[in-house]
1. Which value, in debye to the nearest 20, gives the size of the charge dipole of chain A about its Cα centre, when Lys and Arg are +1 and Asp and Glu are -1 at the Cβ?
2. For the range A:3-80, which whole percent of the accessible surface, found with a 1.4 angstrom probe, sits on carbon and sulfur atoms?
3. Could you give the accessible area per residue of the range A:3-80, probe 1.4 Å, as a whole number in Å²?
4. Around B:Ser116, what is the net charge, scoring Lys/Arg as +1 and Asp/Glu as -1 over all other residues with Cβ under 10 Å from its Cβ?
5. Please report the carbon-and-sulfur percent of the accessible area for the range A:136-254; probe 1.4 Å, protein heavy atoms only, DNA, RNA and ligands left out.
6. Kindly sort A:Thr298, B:Thr187, A:Thr216 by accessible area of their heavy atoms, largest first, with the probe set to 1.4 Å.
7. Mind checking the per residue accessible area of the range A:91-204 for me, 1.4 Å probe, whole number of Å²?
8. Gain in length, A:Leu50 to A:Ile296, computed as 0.36 nm per residue apart minus the alpha-carbon separation, to one decimal in nm?
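The values are calculated or read from the model by the stated rules, or taken from the named source; none is laboratory data. Quick caveat: nothing in here was measured; it's all calculated off a predicted structure. Here the Cβ positions follow ideal geometry from the backbone for every residue, glycine too, while neighbour counts run over all protein chains shown. Note: areas computed on protein heavy atoms with side chains; ligands, DNA, RNA excluded. Shrake-Rupley method; radii C 1.70, N 1.55, O 1.52, S 1.80 Å.
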Amino acid sequence: MNESFLELPLAVLLVQSPLAGEFFPTLGLPLPPGTMSPAAYFAALDNGVLEDLALERDSLVEQFTDYLLLLSTLGKGRTASRLESITILGGHDKSGRREDFSLTVRPGEIISLVGPTGSGKSRFLADIEWLAQGDSPTGRSLLIDGAPPDPGLRYAIDRKLVAQLSQNMNFVMDLSVEEFITMHAESRMVEDIPGVTRSIISLANELAGERFSPDTPVTSLSGGQSRALMIADTSCLSNSPIVLIDEIENAGIDRKRAVRTLVDKQKIVLMATHDPILALMGERRLVFKNGGIAAIITTSDAERANLKLFEEMDAKLGAVRNALRNGERIE
Amino acid sequence: MRVITLAGPPSSGKSAVTIKAIASLKQKGVSVGVVKFDSLSTQDQLLYEKQGVAVTTGLSGNLCPDHFFVSNVEESLAWGVASGFDLLVIESAGLCNRCAPHIQGVLAVCVIDNLSGVNTPKKIGPMLKMADIVVITKGDIVSQAEREVFAHRVRQVNGSATILNVNGLTGQGGDELGRLLQGAPETISVEGKLLRFSLPAALCSYCLGQRKIGADFQMGNVKKMAFS
Ligand SMILES: Nc1nc2c(ncn2[C@@H]2O[C@H](COP(=O)(O)OP(=O)(O)O)[C@@H](O)[C@H]2O)c(=O)[nH]1
Ligand SMILES: Nc1ncnc2c1ncn2[C@@H]1O[C@H](COP(=O)(O)OP(=O)(O)O)[C@@H](O)[C@H]1O
Ligand SMILES: [Mg+2]
Ligand SMILES: [Mg+2]
Ligand SMILES: [Zn+2]
Ligand SMILES: [Zn+2]
């Protein structure tokens with residue numbers, strides 16, 4: 001893109017970059033007429049209007065250029081975030097003892113993180129989010145496809161490699177589920193917004209025990225429903241190939257399916273958990289002690305068999321919970 | 001000395017993230033001082049002192065805290081230099097969306113929080129739009145989707161800033177912020193430098209559109225703070 005777009009009539013510019021018009025209302029400016037170029041529009045803006053909106057004429061040109069650049073990188077970001085593997089190279093624990101490991105994880109894999117509170121699970125997830133290069137408190141480094149990542153990726157908020165499911169899933173927006181997901185889809189610049197929104201809501205309903213409709217306000221969703229919605233949203237809308245889950249509460253959702261949903265979309269899932277069912281879902285689990293990884297355990301066949309057992313126990317408990325809720329006797 | 005102006009709406013987490021970044025910088029042997037500008041009273045002096053951070057507070061009284069800031073910024077730097085700090089953070093009150101303490105050639109940080117709502121980035125004036133680094137806090141309280149929408153809205157109004165999520169409670173991202181602050185340019189004095197945006201009308205020479213910093217340019221209602 002070069003500077004000449006500033007001289008194009010807005011209508012022509014909008015053909016090349018359909019979202020460019022959003023720039024003006026975002027800053028509180030009226031939309032220029034289609035026949036006018038942004039350069040002419042900025043030059044003609046009234047001083048009083050600029051003052052009221054706390055804008056400066058010269059920086060508007062710069063801001064508009066940045067904005068168009070952002071739009072074009074957003075488009076590219078959707079395809080550029082595929083990766084083959086991530087590798088984490090050991091650093092040191094809290095006492096400075098070297099960690100001796102190199103862990104390579106590929107899309108579609110689940111790694112669980114276990115260990116007591118304070119043992120360093122969240123710090124490990126933060127190292128990944130920060131794409132640590134020996135420059136975090138743990139000294140660990142991360143490789144993408146076997147090589148150090150492009151440093152620009154750290155701050156590329158729209159091309160982030162990592163999405164993190166919050167521990168806490170309150171919503172603060174006063175919107176319906178449908179409006180909320182639509183707004184998120186718009187910010188991700190996906191093409192078929194209504195279609196994506198519908199499939200996220202229906203997936204979330206499959207994951208949540210209790211159904212909700214597109215018109216339900218997000219603030220009145222139950223804990224389980226919000227978690228289900230966010231997992232469905234992250235798996236369908238987030239373009240980040242790595243998903244971090246830090247001790248998600250799992251009441252009210254089909255947690256196994258939820259995690260499967262993420263993995264099915266070829267995401268790498270790293271999950272800190274105290275829940276045996278989730279922990280055993282991982283192909284491998286990292287055992288944390290004193291800020292370092294003390295062991296990497298591959299889930300054995302015997303453990304997988306136990307997992308089945310735990311799931312049956314869990315299903316039984318779930319049935320009892322439901323019966324209680326429906327006012328039945330537990331005899 | 002590296003100088004940083006840090007602005008953002010009240011309770012967005014300015015002090016919280018500054019404290020986390022300072023904690024990480026301290027471990028690396030970087031000495032940091034803070035000057036806090038506020039209007040009537042502030043808890044921040046105590047907050048910083050509790051963390052063992054050297055801090056001076058200036059209360060602007062009936063002046064706009066940002067105007068008061070410009071009249072005292074040189075003295076703030078002099079205090080920082082005399083105290084031997086490697087890094088000086090100047091935290092503004094963030095009470096006025098129309099004003100911004102950001103200075104050309106001085107690293108400008110804006111702190112805003114996810115809870116303030118997706119339309120807030122649009123409403124905050126130059127303190128967000130003219131910042132080099134935008135720190136977004138309280139990501140722990142909202143969903144991943146809200147974080148993404150919010151960050152996108154910030155990008156829409158400030159496409160060139162580095163955006164960083166920091167949790168003011170747990171400190172996640174604090175180490176990373178500290179690293180970015182260390183990239184601030186060395187500044188001994190700001191005399192003659194320009195504000196990034198003219199402050200709106202009030203009572204002093206800066207109210208009348210003055211952007212040059214320095215005793216020669218301060219006229220009218222100029223109030224000076226005391227440094228220990
Ligand atoms: N949950 C949460 N609370 C935060 C975060 N950052 C700051 N806070 C809280 O927000 C409140 C205001 O923070 P403070 O640093 O005093 O804001 P300031 O007025 O901008 O300096 C305090 O109670 C902080 O503990 C965060 O990332 N998450
Ligand atoms: N290898 C390490 N070196 C230094 N500090 C560490 C290390 N690992 C963890 N920490 C610190 O220890 C504290 C507790 O770790 P955290 O990751 O929150 O534990 P968990 O999530 O397992 O409860 C945090 O302040 C973290 O930054
Ligand atoms: Mg933790
Ligand atoms: Mg404060
Ligand atoms: Zn003001
Ligand atoms: Zn003034």
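1. Around 1540 debye, computed over chain A.
2. Taking all protein chains in place, the range A:3-80 shows 61 percent carbon and sulfur surface.
3. Computed with neighbouring chains in place, this is 50 Å² per residue.
4. Cβ neighbours under 10 Å give a net charge of +1.
5. On the way: 2190 of 4540 Å².
Carbon-and-sulfur percentage of accessible area, whole number: 48.
6. Working: A:Thr298 90, B:Thr187 5, A:Thr216 30 Å².
Sorted by accessible area, descending: A:Thr298, A:Thr216, B:Thr187.
7. 42 Å²
8. Using 0.36 nm per residue and subtracting the Cα-Cα distance, I get 82.6 nm.
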